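Here the structure comes first, spelled out in structure tokens, and everything after it is commentary.
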Amino acid sequence: MSHLKKLLCMCMVLMSDASSPGDTSNATSLGLHAVRGVNYAHVHRNGRGYGSDASRQELTNLQQIGIDWIALNPFGYQQSDDQDHVSGYDPDRPLSDFTAPLALTGPPESGPGRDRSMTDRHLADQIAEAHKLGIKVMIKPHIWSRDFHNGEAWHGTIEQTSPEAHESWRKSYLRFILHHARLAQQTNAEALCL
């Protein structure tokens with residue numbers, strides 16, 4: 001059996017350690033808290049994704065089968081894997097613009113270059129719904145490039161064409177992460193994955 005298959009089997013055994021949803025007796029006896037979590041993907045259509053009635057119902061379904069953690073995945077977009085910035089996160093804007101309190105009330109708004117189907121308001125609503133159900137939340141930001149579509153480039157490929165372009169990208173990515181750190185802080189999300 002390959003090393004990867006062994007790891008996957010071990011993960012499946014650890015994940016299925018509880019005899020029923022919410023039963024963490026085996027893990028507790030080891031001094032561990034069993035996390036029953038899922039990567040909760042967004043549907044990029046208004047009315048179906050984060051913050052929608054359909055998503056609220058799905059959270060309820062997950063809570064009923066014992067899920068106690070979800071990871072929400074906001075995206076930063078790039079036209080190509082060598083683009084020198086994350087769209088909507090200008091590397092030259094002051095850092096204070098990305099650490100100031102976010103407007104999470106009123107109609108959902110998206111910034112330039114950002115996904116209109118997944119705004120900060122949608123994420124905040126989703127986090128609030130999860131918390132109402134006793135589900136903890138990790139915000140796990142992702143970068144998406146058109147180059148990743150159909151396997152044209154590996155999803156972790158970020159290759160700017162010069163050190164200056166990479167420095168610009170790094171500054172832009174820092175603003176993207178700070179923005180989501182502020183969102184995590186304001187919504188009381190329990191974790192931020194970097």
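The values are calculated or read from the model by the stated rules, or taken from the named source; none is laboratory data. Note that the structure is predicted; figures quoted are calculated from it, not measured. Reconstructed Cβ throughout: ideal geometry from the backbone, glycine too, with neighbour counts over all protein chains shown. Surface accessibility is based on the protein's heavy atoms, side chains included, excluding ligands, DNA and RNA. Shrake-Rupley method; radii C 1.70, N 1.55, O 1.52, S 1.80 Å.
Just to be sure, is residue 133 modelled with pLDDT of 85 or more, out of contact with any Lys or Arg (no Cβ under 6 Å at 6 or more places or on another chain) and within 16 Å of residue 180 (Cα to Cα)? Show your work before the answer.
Details: modelled with pLDDT of 85 or more: yes; out of contact with any Lys or Arg (no Cβ under 6 Å at 6 or more places or on another chain): yes; within 16 Å of residue 180 (Cα to Cα): no.
In short, no.
Residue count for segment 138-170 satisfying the condition of being in a helix (DSSP H, G or I) and within 27 Å of residue 50 (Cα to Cα): 6. Residues of segment 57-76 that are open to solvent by 10 Å² or more (accessible area, probe 1.4 Å), farther than 12 Å from residue 123 by Cα and either in contact (Cβ under 8 Å) with a residue 60 or more places away in the chain or in a strand (DSSP E or B) (or both): 60, 62, 63, 67, 68, 69. Looking only at segment 171-192, residues that are open to solvent by 20 Å² or more (accessible area, probe 1.4 Å), of a type in the set (Gly, Ala, Ser) and assigned to a helix (DSSP H, G or I) come to 1 in all.
I'd like the residue in segment 122-170 that is within 20 Å of residue 92 (Cα to Cα) and aliphatic (A, V, I, L, M) and, out of all such residues, is most open to solvent (accessible area, probe 1.4 Å). Checked segment 122-170; the qualifying residue most open to solvent (accessible area, probe 1.4 Å) is 158.
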